[in-house]
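Novice: This is the structure I want to talk about, given as structure tokens.
Read-outs throughout are calculated quantities, based only on the coordinates presented, and are distinct from any laboratory measurement. Predicted model, so just to flag it, every value in this text is computed and none were measured. For neighbour counting, all protein chains shown are included, and Cβ atoms are generated from backbone atoms with ideal geometry for every residue, glycine included.
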Amino acid sequence: MPGSKPRDWSEPPWEIERSANSLFSVRFVRDCEKYRDMFSLQRLLGKEDKFFTLLEASAQEARSSVQALVKLSKALDQPVVMDDFVLSRRKDKQITREISAAVYSSFITALEREDIEELSNALYKIPKTVEKFSERALLAPQHVRGIDFSTQISLIERATDMVCQMVKALRDGMNLDTVKDLNEKLQYLEGEADKHMMSLYKNLFAGSHDPIQVIVLKDLYELLEKVIDRCRDVGNIISRIILKNS
């Protein structure tokens, strides 16, 4: 055949066959490596993966709990029903259970199993902490009447918005630059919350408050600070996942 290499009849037949098999093996391995990377990318960015849907739902419940907190902060001197907070936390707890069950029952997952569980648990802690604040604020309404929580709650609102965007970025292609930018904004909000916390402490310990009110307000301020910290934790986890899979 034109262009083909003439057969070396000095080589034993089995040596020729071995060479052909080796060439086929090399090509097969190269093809496997090529399509393995393509399959891995498709698996990570699968648009219909249920874990992305569940994680996004969990982030949305965290955001809903903060929206209920905004309403509460405007009516601390009025009787408030805890239904919104309890509902958000229960919904998120159910989502967390679904994620945990799916992690152990799924043969293939879009992300590593330990990353999914870590992120799911971190998201659940946001509405859980918001509910704690609401319960304690309503236990002693006489001590929170007239107290302005708006700066902390505004920072929390912005932080949960960032969390929702970062969770959505997992489905949208894990763009490293996008997630890095969002996480930097989240870290900035956490830093602003820390600064504000110092001013709250300064006012609290100035001697103008009743001792019991100092105890109550300190506990409430720190719970709101903890909500911001929970959001920061979520941002850090997502950043690690993106770096690992980029």
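Novice: Which translational diffusion coefficient, to the nearest whole µm²/s, is obtained for segment 47-245 from the Stokes-Einstein equation, given a Kirkwood hydrodynamic radius over C-alpha pairs, 20 °C and 1.002 mPa s? If you can, show how the numbers build up before the last one.
Specialist: Details: Rh = 17.6 Å.
Translational D for this selection: 122 µm²/s.
Novice: If I model segment 165-246 as equal point scatterers sitting on the Cα atoms and use the Debye formula, what is log10 I(q)/I(0) at q = 0.14, 0.21, 0.25 Å⁻¹?
Specialist: -0.57, -0.88, -1.10
Novice: 7 Å from Cα along Cα→Cβ at both T151 and N236: what's the point-to-point distance in nm?
Specialist: Once both label points are built, they end up 2.4 nm from each other.
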